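Presented below is the structure to which this report refers.
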Amino acid sequence: MRALVLTGPGKAEVLDVPAPTPAEGQVVVDVERVGVCGTDMELFSGEMSYLHTGASSYPLRPGHEWCGTVTAVGAGVDKSWAGRRVTGDTMIGCGHCRRCLQGRHWVCEQRFELGIRDGLPGALAEQVAVPAGYLHALPDTVDATLGAMVEPGGNALRCVEAAQIGPGERLLVLGTGTIGLLVALFARARGAEVHLVGLDLALPKSLGFEQSWTRETLPDLPWDGIVDASTGAEMPAFALDRVEPGRRVVYIGLSVPPSLIDTRDLVLKDVTAVGILGASAGLAGAIEAYASGAVDPRPLVAATVGLADIVDVFAGRRPPGAGPKVHADPRS
């Protein structure tokens with residue numbers, strides 16, 4: 001089968017690789033749609049931290065935002081999965097450590113991260129093998145584009161829940177990339193007054209977020225919660241400075257250089273800081289929100305291209321389109 005392979009820093013190509021066969025407990029999925037995210041771009045560039053800690057290495061097959069149809073099931077897997085449209089969790093725990101047994105498999109020390117850490121090749125390919133225990137079935141109302149947006153949607157939903165914003169309360173979202181805009185969409189669906197800070201404000205305003213600002217034009221308002229979905233090294237401290245005392249700052253964006261906060265501000269403002277890693281606990285909720293129409297992330301997708309065209313995307317040659325997200329159809 002064809003698969004996109006990162007062969008070294010700044011190097012990617014589509015290669016013919018052996019098609020997967022399902023091991024015990026696994027299924028094989030014919031991939032219908034895959035999203036490219038910032039993590040994939042950092043794996044391509046060589047900046048991703050896992051490449052420097054040894055958790056990831058080249059050659060590497062990326063792709064962790066995906067959907068498709070189960071076409072083969074391994075031993076020990078319920079046969080009813082065959083033929084079902086699915087997506088899956090990126091974070092694959094060992095299943096027997098203390099964290100996994102407590103329901104926190106996404107922070108398992110021995111976890112695989114499909115398409116990110118070594119051990120489980122990703123979905124930027126015609127087929128992908130996935131442990132059946134990490135599958136999520138997709139209803140008919142969730143099309144291919146929505147299916148490939150479940151993983152980033154799960155991350156965004158976790159951010160909104162962690163911010164503990166009630167209806168009518170004011171949430172500030174830092175960053176207008178895919179995660180920032182998804183956070184805004186999920187928060188608005190729950191009745192929050194959403195403001196965004198970013199550089200390019202045309203897309204958020206086209207989505208109905210008229211209260212979108214640059215840092216320079218941001219009004220001095222009390223922020224009941226802040227989600228930092230940016231990549232600016234100075235933004236975590238900015239968020240802590242602006243949030244209301246006694247409320248929450250949620251951190252999901254990562255900068256390449258280390259970012260710092262002053263914990264004296266954290267303590268003296270009685271602020272709770274929450275880090276979000278992975279979509280695991282938000283996947284089911286994202287699927288439900290997409291299926292009901294409460295949240296529609298499709299305007300965030302700039303284009304859907306063929307597998308070979310993703311090489312150009314990694315190299316910075318994006319197809320035209322206003323959205324921050326690019327999808328691939330590995331069948332084309």
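Just checking, which of 249, 256, 274 is touching a helix residue (DSSP H, G or I) at 6+ places or on another chain (Cβ under 6 Å) and surrounded by fewer than 19 Cβ atoms within 10 Å (Cβ to Cβ)?
Checking each option against the conditions leaves just 274.
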* Asked: Looking at the range 280-322, which of its residues are at positive phi and modelled with pLDDT under 95?
  -> 316, 321
* Asked: Scanning for something surrounded by fewer than 17 Cβ atoms within 10 Å (Cβ to Cβ), over 21 Å from the mean Cα position of the chain (by Cα), under 26 Å from residue 329 (Cα atoms) and assigned by TED's automatic domain parsing to the domain that holds residue 325, does the range 37-52 turn up at least one residue?
  -> no
* **Which numbered condition residue 104 fails, given (1) in contact (Cβ under 8 Å) with a residue 12 or more places away in the chain; (2) on the phi < 0 side of the Ramachandran plot** => (1)
* Structure fact -> Out of (1) closer than 17 Å to residue 37 by Cα; (2) within 19 Å of the chain's Cα centre (by Cα), the one residue 286 does not meet is (1)
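Might you let me know whether the range 259-273 holds any residue that is part of a loop (DSSP other than H, G, I, E, B) and under 18 Å from the mean Cα position of the chain (by Cα)?
No, the range 259-273 has no match at all.
The values are calculated or read from the model by the stated rules, or taken from the named source; none is laboratory data. Bear in mind that the values here come from a model prediction, so they are computed numbers and not experimental data. All Cβ positions, even for glycine, are placed from backbone atoms using ideal geometry, and neighbour counts span all protein chains on display.
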